[in-house]
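Chemist: Submitted below is the structure of interest, expressed as C-alpha cells.
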Amino acid sequence: MSIDMYQENILDHYENPQNFGHLDSCDVKAHDSNPLCGDTFDFELKFKDGKIDDVKFSGHGCAISTASASMLTEKIKSLPIEEVKKLEQKDILELLGIELSHVRIKCAMLPLKVVKLGVYEYLDKSKK
Ligand code: FES
C-alpha cells in the first residue's frame, strides 16, 4: 500500500472504528490514558482456550490512537494470549503503516498498553 492508502486506512478506522462499544460480558476491563493529552481508552476482553475470544473498546482519542485501537482489536481476536504478550511497537507501526513522531508513537501505543494491562490482569486472576 502507498502512504496515501495507509493514511486513508487510518482515517477509515478513525471514522468507523471496528469493535467499538461494549461486550455483553467480559473477563476483564482495562483502562489507561495518555498523560500528554488526557485521551483515554477502555478495553473489554473475553478469553477462551488460551486465546482472546472477543474484544471491544470504548473511549476517545485522536485519529492515530483510535485507528490503532480499532486495528488492534481486529489483530488480536482469536490470537493466543502468548502472541498478544509479544506484540510490540513495531507491530503497531506495521499496522498503521506510516512514520510517526515520538509524540504520535505514544498515541499509537496507548491501545496496546491497555490490552496488555487487561491480559496480565486476566493471567493474574487465573492464577488465584
Ligand atoms: Fe491523545 Fe493522540 S492526541 S492519544
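Chemist: Counting just the residues of region 83-120 that are charged (D, E, K, R) and under 17 Å from Ser33 (Cα atoms), which one comes out farthest from the ligand (Cβ to nearest atom)?
Modeler: Residues of region 83-120 charged (D, E, K, R): 83, 85-86, 88, 90-91, 94, 99, 104, 106, 113, 116.
Then keep just the ones that are under 17 Å from Ser33 (Cα atoms); that gives 104, 106, 113, 116.
On the way: Arg104: 7, Lys106: 7, Lys113: 11, Lys116: 17 Å.
Top of the filtered list is Lys116.
Chemist: Quick one: count up the residues across region 82-98 that are assigned to a helix (DSSP H, G or I) and either more than 24 Å from Asp124 (Cα to Cα) or aliphatic (A, V, I, L, M) (or both).
Modeler: Residues meeting the conditions: 8.
Chemist: Take the residues of region 27-38 that are part of a loop (DSSP other than H, G, I, E, B) and more than 8 Å from the ligand (Cβ to nearest atom): which is surrounded by the most Cβ atoms within 10 Å (Cβ to Cβ)?
Modeler: The extreme case among them is Asp27.
Chemist: Sticking with this one: Among the residues of region 67-103, which ones are of a type in the set (Gly, Ala, Ser) and open to solvent by 50 Å² or more (accessible area, probe 1.4 Å)?
Modeler: Matches in region 67-103: Ser78, Ser101.
Chemist: Separate question: Taking interchain pairs and intrachain pairs at least six residues apart, which have beta carbon atoms under 7 angstrom, with the first residue in region 50-67 and free of Cβ contacts under 8 Å to residues at least 24 places away in the same chain and the second in a loop (DSSP other than H, G, I, E, B) and charged (D, E, K, R)?
Modeler: Here the result reads His60/Asp39, each pair linking region 50-67 to a residue that is in a loop (DSSP other than H, G, I, E, B) and charged (D, E, K, R).
Chemist: Give me the residue from region 39-66 that is assigned to a loop (DSSP other than H, G, I, E, B) and away from the ligand (no atom under 14 Å from the Cβ) and, out of that set, most open to solvent (accessible area, probe 1.4 Å).
Modeler: Per the stated criteria, the residue is Asp49.
Chemist: Right, something else. If you go through region 3-10 one residue at a time, do you hit one that is farther than 19 Å from Val119 by Cα, among the charged types (D, E, K, R) and more than 11 Å from the chain's Cα centre (by Cα)?
Modeler: Looking for residues that are farther than 19 Å from Val119 by Cα, among the charged types (D, E, K, R) and more than 11 Å from the chain's Cα centre (by Cα), one finds at least one in region 3-10, hence yes.
The values are calculated or read from the model by the stated rules, or taken from the named source; none is laboratory data. Predicted model, so just to flag it, every value in this text is computed and none were measured. Note that each Cβ is placed from the backbone with ideal geometry, even for glycine, and that neighbours are counted across all protein chains shown. Just the protein is used for accessible areas: all its heavy atoms, side chains included, with ligands, DNA and RNA removed. Shrake-Rupley method; radii C 1.70, N 1.55, O 1.52, S 1.80 Å.
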